[in-house]
Amino acid sequence: MTRKISILLVCCFILATHVVEAFYFPLHAPVSFCTPAVQKYHEAEHRSLCKSDINMFVNRLDSVETVIPYDYDRYDFCQSQQEYSPSENLGQVVFGERITSSPYNFTFGKNNTCKKVCTKSYKAGGEEAEKAEMKHKLNFLLRGIQLNYQHHWIIDNMPVSWCYEVLIGSRYCSPGFPIGCYVDKDGNRKDACVIDAHYERAQHYYVFNHINITIFYQPLIDDTNLLVSAKLEPLSMKHKTPDECVFLNSLNYEPMSLQKSDLNKDLDITYSYSVHFIPSPNVYWASRWDYILDSMPHTNIQWFSILNSLVVILFLSGMLLILLRKLYKDISRYNQQDLEKAQEESGWRVVHGDVFRPPKGGMLLSIFLGTGAQIIITSFLTLGLACLGLLSPANRGSLMTCVMVLYVLLGFIAGYVSSRIYKTFGGERWKSNVLSTSFLIPGIIFGIFFILNLILWYEHSSAAIPFSTLVAILALWFFVSTPLVLIGAYFGLKRPIEFPLPTNEIPRHIPKRSCCTRPLPGIIMGGILPFGCIFVQLFFILNGIWSHQVYYMFGFLSLVAIILVITCSEATIILCYFHLRAENYHWWWRSFVTSGFTAIYFFIYCIHYFASKLTMHGWASTVLYFGYTIIMVILFFLFCGTMGFFACFLFVTKIYGSLNQIKMFKSDLKEETSEKTDISISEDMTKKELDIL
C-alpha cells in the first residue's frame, strides 16, 4: 500500500512539471499598427485598417514603502489635454487602479530624439496662497521621491517596463519606474540613484523628467506590425531653457536636482521624452509578456519548496497508513469477539456512543463550515481559471473580479452546508443560522474593509473605493448572495446527515488527559506541517501584494494548494485518532481549530515579513497592512479549518461505521442499564419510568 501511494505521488510530481506553468489566453485581439502612409493606402484599398497613433495610458503611482497609492493627477506632472479613462472592472476599482490618458502620444515608426511635453513653473513671488500651493506641490513631489513612488505606464495593454542590471549578466524588468531618487546627507544613494554615477550630490532630490522609450514591434507580411514590448530608461536631465530640449547622450548630461532650499526660489521643471522603434521579428505577440515574467528567477526555489512539501506528505502518509492498518485489525478483532469481551475493550471503540454527540456552539461551527466551504470552492475555481490563462496579468483586475463574483454566486454552497450541518446537530433555530451564515463572516470582513477605506479616503488615495462601488458591493451581498444562501439552506434543511451509530443519552466520562492529548499541544502541532509546506509560496504572494510584483505562478500555487489540502487532512486525522484513542470524543471543534491553526502561523509570518522585508512609513500604512492581513488570516483560517474538519468527519464516520452495530447497541443498552441502576430512585418516580428502567 505504501509503495502504491509513493508511486502515485511521484506520478503526480512528474505531471505537475508540465502543468505548473499557466497558459496565456488573451481576451482581446491584437491591434495592428502601421505608418501613416501605409494607413492611407489601406484606406484607399478598403482593407482592414491599422492604427498609426499610439496612445499611452498612465496608472496609479505606488510605493513599496507605503500602502497608499495615488492618482497620476495627484502629482504635478504633465496632463493630457483630452483626458480619457477606459472603463474599469470591479477588480480594478477594488485594487485601486486608476487608468487615464497621458500627454505622451507617438506616431508609429516616427523616432524622436528629444521632444518636450510640458514645463512646470514654480514662482517664489506672488500671493501667499500661490506660494503655499507651490510649496505643497513641490513638497509632495519630494516626499514621493523619498518614498520611491513608481510610475506605471501602459502601451497597447502591456506595461512599459524598466529593465536594469541586478547582477552580472542578469537583468530585471519592472513594470514600473520611479519618479526620482534621493541621496541622503551622508552621501548614500537611495533606490534608483545607485544605477547612475550622475546622482551623487548629498541631500539632493533627482527628478526623472526625461524618459527614453524604445518600442519593439513584430513586422507582418501586409506591412502592418504588432507591438511586442516597450521599454524605457528614466533620466534626470536639466534643460538649458524651458522651451529647449536637447539631449546629448546618456553619459553626458547635467541632472535635474532639487534641494529643500529650492522651494523658496523660482523653479522650472521641463518634462520630455525620446522614442525609438526597433523591429523584433523573433518575438511573437502571444509571448510578449515573457521577458517580464522570465526576469524573475524564482523557479528553482519553487521546485525546492514542492520537493520539501512532498517529503512532508510522504511522512504523514506513512503515519496514516500505519494507523489505518492498525484500525483495520482492531475493527476485525472487535467484530469477531463476543459481547463480554467487547465490553472490556478500551480506547477509541468505547466512545462509539458519544462520538457523534453534537458539540457545544454547534450553530457557530456550522456557520464557519458553510462559509469555509464557500471559500474553498471559490479558491479552486479561481485557480483553475487562472491556470487556463483566463486571469493572466494582461487581463487587468480579472483575478479580483472573478473571486468576488464566484464568492457571491457560491452563497448557495454556504447556505446548504451550514444548514445541513446545523440540522444534523439537532438545531431548531434555523432562521438564525441562515441569517448568520449570510451576514456574520461577510459582515466582519466588510466592516474591517470599510474602516480601512475610511483611512484611504482620509489620505486621498486612489485605492479608496468610491461610494458608488461600495453600494454595488452591498447590492451584490444583499440581493444576490443572501437569496442564494436562503435557497441553499432550503435544500440543506431537508437532508440532515445520518450517523452510522446512535448517541447515548448520558455523556460518557472523559478520563484524565495526559499532556500530549490536551487540546492546546495538539492544535499547535497540527498547524506546523501544513504551514511548512506553503511558507515559500507565501513569500511570493506577499511580494506580489506589497512589493507590487507581477504574480503569475498560478500553476505552482495550484500544486501548493493541493499539498495544503492533503497535509491539513492527514495531520488532522492523525491527531483526531490520538484523542479518540484517549477516550476523548470532543473532536468536532478540535478538528476545525487544529487545521485552522495554520492561519495563526501565517499571521506570525506576516508580522515577520513586515518587520524584516518592508520599510513602511506612517501610521496609516501600518494600520492598512495589518488590516488587510487580518482579512486574509480570517479567510485562510476558515479555508484550512473546514478542510481539516471534513477530512476528520469522513474518517470518524468511516471507522465507526465499520463496527458491528448490533453488538454496539447491546453493549450500550447493558452499560446504560448498569449506570441507571446505580442512581437512587426518588419516591415520586412514576411507574412508567420504573418500567422503562
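All of the numbers you see were taken from the coordinates with simple rules; none came from a lab. No experiment lies behind these values; they were computed from the predicted model shown. Positions of Cβ are generated from backbone atoms using ideal geometry, with glycine treated the same way; all protein chains shown enter the neighbour counts.
The length gained by stretching the chain between SER87 and LYS110 to full extension, at 0.36 nm per residue less their Cα-Cα distance, is 5.3 nm. Put a dot 7 Å past the Cα of TYR490, heading toward its Cβ, do the same for GLU127, and the two dots end up 6.6 nm apart.
With 24 Å as the limit, write out which pairs from LYS115/LYS135; LYS238/LYS260; LYS185/LYS238 have Cα-Cα distances beyond it, or answer none. LYS115/LYS135, as the Cα separations exceed 24 Å there. The stretch between ALA29 and LYS137, if pulled fully straight at 0.36 nm per residue, gains 34.8 nm over its current Cα-Cα span.
Using the Cβ-Cβ distance between ILE301 and LYS265 with R0 = 41 Å, the FRET efficiency computed as 1/(1 + (r/R0)^6) comes to roughly 0.25. Neighbour counting of Cβ atoms within 10 Å sorts the residues HIS239, HIS276, fewest neighbours leading, into HIS276, HIS239.
Projected onto their three principal axes, the Cα atoms of region 526-671 cover extents of 70, 33, 18 Å, largest first. With a Förster radius of 25 Å applied to the C-beta separation of LYS190 and TYR458, the computed FRET efficiency comes to 0.35.
Just so you know, the averaged projected area of the alpha carbon convex hull for region 119-236 sits at 10.7 nm².
By the Stokes-Einstein formula, at 1.002 mPa s and 20 °C, region 373-532 with its Kirkwood radius over alpha-carbon pairs has D equal to 111 µm²/s. With the convex hull of its Cα atoms as the shape, region 394-489 has an orientation-averaged projected area of 7.2 nm². Using 0.36 nm per residue of separation minus the Cα-Cα distance, give me the extension gain between ILE497 and ILE545 in nm, one decimal. That pair, ILE497 and ILE545, stretches by 13.2 nm at full extension.
Computed from the Cβ-Cβ distance with R0 of 51 Å, the FRET efficiency linking LEU327 to ARG429 stands at 0.90.
Each of SER438, SER595, SER261 was scored by other Cβ atoms within 10 Å of its Cβ. Listed from fewest to most, they are SER261, SER438, SER595. Two numbers describe the Cα atoms of region 36-293: Rg and Dmax, which are 19.6, 66 Å. Placing pseudo-labels 7 Å out from each Cα toward the beta carbon at ILE221 and VAL480 gives an inter-label distance of 4.4 nm.
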